[in-house]
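Undergrad: Submitted below is the structure of interest, expressed as structure tokens.
The values are calculated or read from the model by the stated rules, or taken from the named source; none is laboratory data. As the structure is a computational prediction, the values presented were derived from the model and not from experiment. Methodologically, a virtual Cβ is constructed for each residue, glycine included, from the backbone with ideal geometry; neighbour enumeration extends over all protein chains shown. Heads up: the accessible areas ignore ligands, DNA and RNA and are worked out on the full protein's heavy atoms, side chains in. Shrake-Rupley method; radii C 1.70, N 1.55, O 1.52, S 1.80 Å.
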There are 2 protein chains.
Amino acid sequence: MLRSCTCGDLRIDNVSQEVTLAGWVQKNRKMGGMTFVDLRDRYGVTQLVFNNDINAELCEQANKLGREYVIQVKGVVSERSNKNPNMPTGDIEIIVSDMKLLNSSAVPPFTIEDNTDGGDDIRMQYRYLDLRRNNVRSNMELRHKIAFETRRFLDAENFLEVETPILIKSTPEGARDFVVPSRMNPGEFYALPQSPQLFKQLLMVSGFDRYFQIAKCFRDEDLRADRQPEFTQIDCEMTFVEQEDVLNMFEGLMRHLFKYVKDIDFAEAFPRMTWEDAMNFYGCDKPDIRFDMKFVEIKDLTEGHNFPVFDSAEYVGAICATGCASYTRKQLDQLTDFVKRPQIGAKGLVYVKYEQDGSIKSSVDKFYSADVIKTWLERCDAKPGDLLLILCGDRRKAQKQLCELRLEMGERMGLRDKDTFAPLWVVDFPLFEWDEDSQRFYAMHHPFTMPNPDDLALLDTDPGKVRAWAYDMVINGVELGGGSIRIHDGGLQKRMFQLLGFSDEQAQDQFGFLMDAFKYGAPPHGGLAFGLDRLVSMFAGLDSIRDCIAFPKNNSGRDVMNDAPSKIDDAQLKELFLELNLPKED
Amino acid sequence: MLRSCTCGDLRIDNVSQEVTLAGWVQKNRKMGGMTFVDLRDRYGVTQLVFNNDINAELCEQANKLGREYVIQVKGVVSERSNKNPNMPTGDIEIIVSDMKLLNSSAVPPFTIEDNTDGGDDIRMQYRYLDLRRNNVRSNMELRHKIAFETRRFLDAENFLEVETPILIKSTPEGARDFVVPSRMNPGEFYALPQSPQLFKQLLMVSGFDRYFQIAKCFRDEDLRADRQPEFTQIDCEMTFVEQEDVLNMFEGLMRHLFKYVKDIDFAEAFPRMTWEDAMNFYGCDKPDIRFDMKFVEIKDLTEGHNFPVFDSAEYVGAICATGCASYTRKQLDQLTDFVKRPQIGAKGLVYVKYEQDGSIKSSVDKFYSADVIKTWLERCDAKPGDLLLILCGDRRKAQKQLCELRLEMGERMGLRDKDTFAPLWVVDFPLFEWDEDSQRFYAMHHPFTMPNPDDLALLDTDPGKVRAWAYDMVINGVELGGGSIRIHDGGLQKRMFQLLGFSDEQAQDQFGFLMDAFKYGAPPHGGLAFGLDRLVSMFAGLDSIRDCIAFPKNNSGRDVMNDAPSKIDDAQLKELFLELNLPKED
């Protein structure tokens, strides 16, 4: 080894030991006859001292060291006179007796510090330097730890990690599949998996009983802010289980991760909420329950007062912002502007200030007396000093807008602390989702999801009402994972494909091997998948998944560091039996 | 849970407990008024008993159960009168009181037993049924365990597992890259990585210090018997290390795996052998040292006797097969035929029998007296009863043939026991390999390998003599992994590219981002990669890697179970700006 210990190892107990260190020059400063160098590696920073009186030549070399030079030094650990309590190694320094330059460095395009002067683009281009920064590297350390602890937990629970293929079958409907031309099979393509779903179900048919995989998945779709063309899932499946068993097992996994990665113990069982309640009380299927501020429906209390806006609305809903009656005109205008933004699309915002002195001021004073408004306040459990914010319109649409407003108020009121974690299971998702455009049902989760047996009779009469044995784990308003009990009966699976508009041929072509497998003793099974990237972001308190991926791609799916994707040469295209057919440029 | 315990759990201590089991019907037999069903799951087999006298209806249902039906039963654990000591659950049986059919099964196309009646093709087509067989599934359990223990060891040694991208830059020379057209970047392609080599070196530049990844790699080449288009590597890299450190670390990993997976402790340090010695004593760079039988050069002892075959040969080498002097004419003819097969290509085989009575019989009696031949026997340390086998020709070519003969003899003499493991480090590989066809040097390992500094002067004068800091781990004649200390100096790396015939433009285009990274303080680093598939095969005593992959592809790169690769439709091709250009059929 080119070192006897790392730059994070040495303490006061090591004083007078002779050591060898290697690392990067973080900074270098001359003070009188002394030169101090901060030497950095993954484990920490250690101060090196060069004394001009003792070894002028060595000191001169030290003076010439630039930022990010790589050096190896020998020296003796010495107690600092001027200790730095902010550094674990701050009690000591190394009196250097020998130094070897291992590599020099050009001046980096940005400073390698927690608060760098580099913008996003330059940091992505020089990602290998960005990764030197402590805060970026620590996200990768966190990712390693989460993956490792996930495996430790699941191994102890008898799960087997099985690698499923990356080069799989391309399906005609899979327009979002990445495809891979096969040189050995001219004109044919593999696809990259969007998830290992079918393979993990096959493994259950194979009797693997408990499977998991930390698996790369791929999606060739236009990338929104927080999507990557390749992403990682913690993919799990179990046999001979009911929904309750799956929830308990993976609540256990999440508790394990919080305990061993963040030292957080949850005292209570994770709360569970039906999808219906989530929509009605929070306006979305992934409520942030770090704070309450539930929706209260007041339509019935608003009727008969000739206020056409409420009277014509299907839904009138309020949230009560505790202690916000003191909001100024300006603040209320900001909130109105917020809900009227095109992304949210509300027509307006009604407010009611329940002043400390018990008086009421509202934007609908003209239509509603204080007595009527008091009935709203009562239903909302408002106290003097609180502020009601009211939106109306079509039920689901208005609830969605109110959801955004609620989150905005939570933000403004400081109720969304990144160090507080509020896990939640959302259950009883609908099996189908109606699509207005194509006038047909889609599977809300996926076509392999088991309908709740209590609702089987509704499959023919009112499919939109059928609940699924499907569930999501939500923490702080972020969907971290989800899954379902799967259909294991070939007949029911066939019926599902029919309800979803697949012809028998399409079903056979795309899922034939699963249907075939179901003929040979498929056991009841179910599972779920967590998004590892999101999980790490949440643990790290990051807003984007990009910062917890070592080499992410940008919004155009490009790796700007190594300039991928790129052109390939004609010989290679020819070998693949392909020709380019590019759009004409004007 | 649909069960209270698994089919492998119950023992004599559980007698009189009421249990619920679920699993597959392995077999079902009627004996008088009783029906016995073997119920199977991943954990074992438990015998179920149905008594016609007690519950005729239930017994009748049991009689109707076919192989691979999935059932759930309730019953009481009872001591067997007729115990089966070959089964862990063989002391007990379940007196069934209730049964639920969870799924039926068509008759499987082959029997789900260790010795199945199914051929290779049908088992691959129904891989999900093949995976039900204990011996196939246990390979996957072994694979899980090896991967898990690898992570446990490396985590404890401060290695971070970092996921590097699967969609990477395609390089013009990478004819063996799989490519992936990018919809969002018309006319451009990603490549799938043949290894994470460049990314792991970048991580070392980033100061990650110790990296590993169990990584999927891809190679679009014609598949030999034991190759797959996608394969898995245990990929590792360390900073501030010398070759010795890397060897020690990963010898440690291998010891850990043998200990925790196979309960084998190696008393001695793994032996090390130079590449030169491996070639001269074993004729290949991955010697099987479970047995000795080293090559002995006897050219000098054969000269001057007018035997043109030896006289004209650059090399005459012998192996001594202990105790094989009794080989018959027929056996010797078989060996001659063996070495004359086109795959081996020797012109003939010379033998010397050193009989028990001290007399000598050889196939070259005409040319060599017993006294001359005795000098050969002495040099080979042969004893009465031994057999010398001699090949000659061009040095490397004859050594390669002798290598095959040695392995064949090892096989015949029972010296290659699958339960004996003989690890070996091969070191001091040449840096370059001369290619006669293209009349140029190629990197024997890869272009990033550090030359041995002692040989740097030879880089210009005699490149073929330069040794690399490169090493392979070999066990039982199988190369399980290899690696090198890498170049971390931009200037030396540039020189290497030149020596390998890259133009500056080519080097910049393919490896520009690595060369750029080397400008900013690249530390000394090195590492290696193990082939996980081969490692598992070796631990499992398998001949092929295919049997330790859950869903492997055949020699044409096809997954015959789900019929991949396959055609994609025109709309999808168009979206990717591609057209097919298929070879004309005659």
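Undergrad: Would you rank B:255, A:341, A:3 by solvent-accessible area, highest first, keeping every protein chain in place and using a 1.4 Å probe? Walk me through the intermediate numbers first.
TA: Details: B:255 65, A:341 95, A:3 25 Å².
Greatest to least solvent exposure: A:341, B:255, A:3.
Undergrad: Continuing with this model, one more query. Rank A:557, A:410, A:104 by how far each Cα sits towards the positive end of the charge dipole of chain A (+1 on Lys, Arg Cβ; -1 on Asp, Glu Cβ) and give me just the farthest.
TA: A:104
Undergrad: Among the complete DSSP H segments of chain B, which ones combine at least 18 Å of alpha-carbon extent along their axis with a mean Kyte-Doolittle hydropathy of 0.0 or more? Could you put the intermediate results ahead of the total?
TA: Values: long enough: B:134-156 (32 Å, -0.88); B:243-262 (27 Å, -0.28); B:395-412 (25 Å, -1.45).
What comes out of the filter, once short or polar helices are dropped, is none.
Undergrad: Still on this structure, please answer the following. On a C-alpha basis, how far is the centre of the range A:426-461 from the centre of the range A:226-280 in Å? Whole number, if you could?
TA: 22
Undergrad: Next up: Need one number: buried accessible surface between chains B and A, 1.4 Å probe, both sides summed, DNA, RNA and ligands left out, in Å² to 100.
TA: Values: alone 30180 and 30280 Å², together 49000 Å².
About 11500 Å² of accessible surface is lost on pairing.
Undergrad: Taking 25 Å as R0, compute the FRET efficiency from the Cβ-Cβ separation of residue B:411 and residue B:227 and round it to 0.05.
TA: On the way: r = 23 Å, r/R0 = 0.91.
That gives a FRET efficiency of 0.65.
Undergrad: Right, next: Per residue of B:571-579, what is the mean number of Cβ atoms on other protein chains within 10 angstrom of that residue's Cβ?
TA: Values: counts 2, 9, 4, 1, 2, 8, 5, 10, 5.
Average per residue, whole number: 5.
Undergrad: Beyond 18 Å, what share of the Cα-Cα pairs of the range B:12-103 remains, rounded to the nearest whole percent? Please list the in-between numbers first.
TA: On the way: 1551 of 4186 pairs.
Beyond 18 Å sits 37 percent of the P(r) for the range B:12-103.
Undergrad: Same structure, new question: Distances from residue B:439 to the same residue in each other copy, label points 7 Å out along Cα→Cβ, in nm, shortest first?
TA: With the label placed 7 Å along Cα→Cβ, residue B:439 yields 7.4 nm.
Undergrad: Nothing charged except the Cβ atoms of Lys and Arg (+1) and of Asp and Glu (-1): what's the magnitude of the dipole of the protein assembly as shown about its Cα centre? Round to the nearest 20 debye.
TA: 680
Undergrad: Shifting gears a bit: Just how much of residue B:436 is accessible, in Å², when a 1.4 Å probe is used and the result is rounded to the nearest 10?
TA: 120
Undergrad: Let me cross-check residue B:20: its accessible surface, 1.4 Å probe, with only protein heavy atoms counted, in Å² to the nearest 10?
TA: 30
Undergrad: Let me check the size of chain A from its C-alpha atoms; what are the radius of gyration and Dmax in Å?
TA: Cα-based Rg and Dmax for chain A come out at 30.2, 94 Å.
Undergrad: Calculate how many DSSP beta bridges within the range A:12-103 are antiparallel, expressed in % of all such bridges and rounded to the nearest 5.
TA: Working: 32 of 34 bridges.
Rounded to the nearest five, the antiparallel share is 95 percent.
Undergrad: Highest mean first, what order results for B:70-83, B:233-246, B:409-422 on Cβ atoms within 10 Å?
TA: Values: B:70-83: 17.1, B:233-246: 22.4, B:409-422: 14.4.
So the order, starting with the most tightly packed, is B:233-246, B:70-83, B:409-422.
Undergrad: Using Cα centres only, tell me the gap between the range B:563-586 and the range B:36-57 in whole Å.
TA: The range B:563-586 and the range B:36-57 have Cα centres spaced 53 Å from each other.
Undergrad: When you count, for each residue, the other Cβ atoms within 10 Å and take the mean per peptide, how do B:543-549, B:400-406, A:260-266 rank with the highest first?
TA: The most tightly packed comes first, giving B:400-406, B:543-549, A:260-266.
Undergrad: Considering amide H positions built from the backbone, and no H for Pro or chain starts, which residues 5 or more places from residue A:477, or on another chain, come under 5 Å of its amide H?
TA: A:288, A:289
Undergrad: Treating the beta-carbon of each Lys and Arg as +1 and of each Asp and Glu as -1, no other charges, what is the dipole magnitude of the range A:11-148 about its Cα centre, to the nearest 20 debye?
TA: Working: 19 positive and 19 negative charges, 69 e Å.
It comes to approximately 340 debye.
Undergrad: Cα-based Rg of the range A:291-412 per 2.2 N^0.38 Å, rounded to two decimals? Before the final figure, lay out each step's value.
TA: Details: Rg = 13.1 Å, N = 122, 2.2 N^0.38 = 13.7 Å.
With N residues counted in the range A:291-412, Rg over 2.2 N^0.38 Å equals 0.96.
Undergrad: Find the relative contact order for chain A and round it to a whole percent, using C-alpha pairs within less than 8 Å whose residues are 6+ positions apart. Mind dumping the intermediate values first?
TA: Details: 1071 pairs, mean separation 74.0, N = 586.
Over chain A, the number comes to 13 percent.
Undergrad: What does the charge count near residue B:361 come to, summing +1 for each Lys or Arg and -1 for each Asp or Glu among other residues with Cβ under 10 Å from its Cβ?
TA: Numbers: positive: B:353; negative: B:355, B:365.
It works out to a net charge of -1.
Undergrad: Inter-copy label distances at residue A:308, 7 Å along the Cα→beta-carbon direction, one decimal in nm, shortest first?
TA: Distances to the matching label points in the other copies: 11.7 nm.
Undergrad: Here's another thing I want to ask about it. Count, for each residue of B:137-145, the Cβ atoms from other chains sitting within 10 Å of its Cβ, then give me the mean as a whole number. Show your work: numbers first, answer last.
TA: Details: counts 7, 0, 0, 8, 3, 0, 4, 9, 3.
Per-residue shielding by partner chains comes out at 4.
Undergrad: Also: For the protein assembly as shown, what is the percent of antiparallel DSSP beta bridges, rounded to the nearest 5? Mind showing how you got there, number by number?
TA: Working: 193 of 207 bridges.
Among the beta bridges of the protein assembly as shown, antiparallel pairing accounts for roughly 95 percent.
Undergrad: First select every other residue whose beta carbon is under 12 angstrom from the beta carbon of residue A:2; then total the charges, Lys and Arg +1, Asp and Glu -1.
TA: Numbers: positive: A:3, A:74, A:100; negative: A:41, B:209, B:242, B:244, B:245.
Neighbourhood net charge equals -2.
Undergrad: Of all accessible surface on the range B:12-103 at a 1.4 Å probe, what whole percent is carbon and sulfur?
TA: Values: 2010 of 4450 Å².
Answer for the range B:12-103: carbon and sulfur cover 45 percent of the accessible area.
Undergrad: Given the range B:1-160, what count of lysine pairs have C-alpha atoms under 27 Å apart, with each pair 8 or more places apart or on different chains?
TA: 14
Undergrad: Please report, in debye to the nearest 20, how large the charge dipole of the range B:291-412 is about its Cα centre when each Lys and Arg carries +1 at its beta carbon and each Asp and Glu carries -1 there. Walk me through the numbers before you get to the answer.
TA: Details: 19 positive and 19 negative charges, 79 e Å.
Dipole about the Cα centre, nearest 20: 380 debye.
Undergrad: Say each of residue A:184 and residue B:300 gets a label point 7 Å from the Cα, pointing the same way as Cα to Cβ; how far apart are those two points in nm?
TA: Here the modelled spin labels are 4.9 nm apart.
Undergrad: Say a paramagnetic label sat at a point 7 Å from the Cα of residue B:63, along Cα to Cβ; which residues of the range B:22-39 have their backbone N under 16 Å from it?
TA: From the range B:22-39, the list is B:28-37.
Undergrad: Let me ask you something else. Excluding residues on the same chain fewer than 8 positions from residue B:361, give the aspartates and glutamates whose Cα lies under 19 Å from its Cα.
TA: Within the straight-line limit of under 19 Å, residue B:361 reaches these aspartates and glutamates: B:333, B:371, B:378, B:381, B:386.
Undergrad: Here's another thing I want to ask about it. Measuring nothing but label to label, 7 Å from Cα along Cα→Cβ, what are residue A:567's distances to the other copies in nm, shortest first?
TA: The answer, with the shortest distance listed first, is 3.2 nm.
Undergrad: Could the peptides B:36-44, B:516-524, A:505-513 be put in order, highest first, of the mean number of other beta-carbon atoms found within 10 Å of their residues? Mind showing how you got there, number by number?
TA: Numbers: B:36-44: 20.6, B:516-524: 23.2, A:505-513: 17.0.
Going by the mean number of other Cβ atoms within 10 Å, highest first, we get B:516-524, B:36-44, A:505-513.
Undergrad: Per the helix-only calculation at 222 nm, which mean residue ellipticity applies to chain A, given -39500 (n - 2.57) for every DSSP H run of n ≥ 4 and division by its residues, nearest 500 deg cm²/dmol?
TA: Values: 17 runs with 169 residues, N = 586.
That calculation yields -8500 deg cm²/dmol at 222 nm.
Undergrad: Moving to a separate point now. When Cβ neighbours within 10 Å are restricted to other protein chains, what is their mean count per residue of peptide A:152-163? Intermediate values should be presented prior to the final figure.
TA: Numbers: counts 4, 0, 1, 7, 0, 0, 3, 1, 9, 8, 10, 13.
Mean inter-chain Cβ contacts per residue within 10 Å come to 5.
Undergrad: Heavy atoms only, probe 1.4 Å: what % of the accessible area of the range A:291-412 goes to carbon and sulfur, would you let me know?
TA: 48
Undergrad: Just grab the label-to-label distance for residue B:334 and residue B:15, each label 7 Å out from Cα along the Cβ direction, in nm (one decimal).
TA: Between residue B:334 and residue B:15, the label points sit 5.4 nm apart.
Undergrad: What ratio of Cα Rg to 2.2 N^0.38 Å holds for the protein assembly as shown? Spell out each step's value before the answer.
TA: Numbers: Rg = 35.5 Å, N = 1172, 2.2 N^0.38 = 32.3 Å.
In units of the globular-protein estimate, the protein assembly as shown measures up at 1.10.
Undergrad: Tally Lys/Arg at +1 and Asp/Glu at -1 over every other residue whose Cβ is under 10 Å from the Cβ of residue B:452; what's the total? The partial results should precede the final answer.
TA: Details: positive: B:467; negative: B:428, B:454, B:455.
In short, -2.
Undergrad: Go through A:340/A:374; A:200/A:262; A:574/B:584 and tell me which ones have a Cα-Cα distance over 19 Å in this structure. Display every interim value, and only then the final one.
TA: Numbers: A:340/A:374 27 Å; A:200/A:262 30 Å; A:574/B:584 13 Å.
Violating the 19 Å limit, Cα to Cα: A:340/A:374; A:200/A:262.
Undergrad: Which far-off residues, 5 or more places away or on another chain, put their amide H under 5 Å from the one on residue B:429, with H placed in the peptide plane?
TA: B:275, B:468, B:470
Undergrad: Let me ask another. What number, in percent, do you get for the relative contact order of the range B:291-412 if the mean sequence gap of Cα pairs under 8 Å and at least 6 apart is divided by its residue count? Display every interim value, and only then the final one.
TA: On the way: 200 pairs, mean separation 44.7, N = 122.
Reported as a whole number, the value is 37 percent.
Undergrad: Here's a follow-up. Roll a 1.4 Å probe over the protein chains and send me the accessible area per residue for chain A in Å². Write out the running numbers ahead of the final one.
TA: Details: 24550 Å² over 586 residues.
I get 42 Å² per residue for chain A.
Undergrad: Label-point separation (nm) for residue B:439 and residue B:314, each offset 7 Å from Cα along Cα-to-Cβ?
TA: According to this spin-label approximation, the distance is 1.9 nm.
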